[in-house]
Amino acid sequence: MGLTPESVASTPLVLVHGLFDTPRVFDTLCRRLAGRRSPLLVPHLPHALGSVPLEDLAAMLGSHIEAAFGTEQPVDVMGFSMGGVIGRTWIQLRGGHRRTRRFTSVASPQRGTLAAVPWPRWPLAGIADMKPGSDLLRRLAAESHRLEAVDCCSFFCPTDLTVFPGWQAVLPVGSCYPLPVFWHNLLMAEPGSLDPVVAELLRP
């Protein structure tokens, strides 16, 4: 049986922010949702300027989800930028696939970004995790079958210079769509970007 608007609205939605962001990056998105996705969890994941490994941040995310919704409640997850890789890490490597119905990735370096290449593993482990071919990204690629039971959608920005090249911001499964915004830092603010993201989050 397919999802109804009522079941989508009652499924908790978890929003995961990225590097150099806080939960406030989602303020405009939350206003656009206008209470149509409730309950809503927007945890703060302290990345310490990119020094915290993404697996540690995924563990923090899991702790927030369990504290808010217990261990059984199905959830939907949306990650923006680095937050999409954190969400994917929780889903694939920390058991989140057993309770995640939908995973939406927005401009997240799922296949790495060249912008991370110059940065060393020490002291910037979180940034180094986003290098193409990093140990973490290789593990996620090897375990991508755990996404097959999750309804996945990727949005990417073709002109993105933060997740570069932009088409790397695509999950190995699910649908994918470009966003008509020029800069990474506009993706959570501009209507051209938010309209399709909101539509996806409200999709029955």
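Structure summary
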quantity	calculated
Positions within the range 118-136 being in contact (Cβ under 8 Å) with a residue 40 or more places away in the chain and not small (Gly, Ala, Ser), in sequence order	119, 123, 124, 127, 129, 130, 136
Checklist (1) farther than 22 Å from residue 55 by Cβ; (2) touching a helix residue (DSSP H, G or I) at 6+ places or on another chain (Cβ under 6 Å) applied to residue 127, failing item	(1)
Test: residue in the range 79-99 that is among the hydroxyl-bearing types (Ser, Thr, Tyr), in contact with a strand residue (DSSP E or B) (Cβ under 8 Å, 6 or more places away or on another chain) and under 23 Å from residue 128 (Cβ atoms)	yes
Residue that is modelled with the lowest pLDDT, among those in the range 10-27 that are farther than 15 Å from residue 81 by Cβ and surrounded by fewer than 20 Cβ atoms within 10 Å (Cβ to Cβ)	10
Identity of the residue in the range 95-120, small (Gly, Ala, Ser) and outside any helix (DSSP H, G or I), that ends up farthest from the chain's Cα centre (by Cα)	95
Leading residue by the ranking (nearest to residue 155 (Cα to Cα)) among those in the range 184-204 that are in contact (Cβ under 8 Å) with a residue 60 or more places away in the chain and not in a helix (DSSP H, G or I)	187
Test: residue in the range 130-151 that is in contact with a Lys or Arg (Cβ under 8 Å, 6 or more places away or on another chain), buried (at least 21 other Cβ atoms within 10 Å of the Cβ) and in a helix (DSSP H, G or I)	yes
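The values are calculated or read from the model by the stated rules, or taken from the named source; none is laboratory data. Computed from a prediction, not measured in an experiment: that's the story for all the values here. All Cβ positions, even for glycine, are placed from backbone atoms using ideal geometry, and neighbour counts span all protein chains on display.
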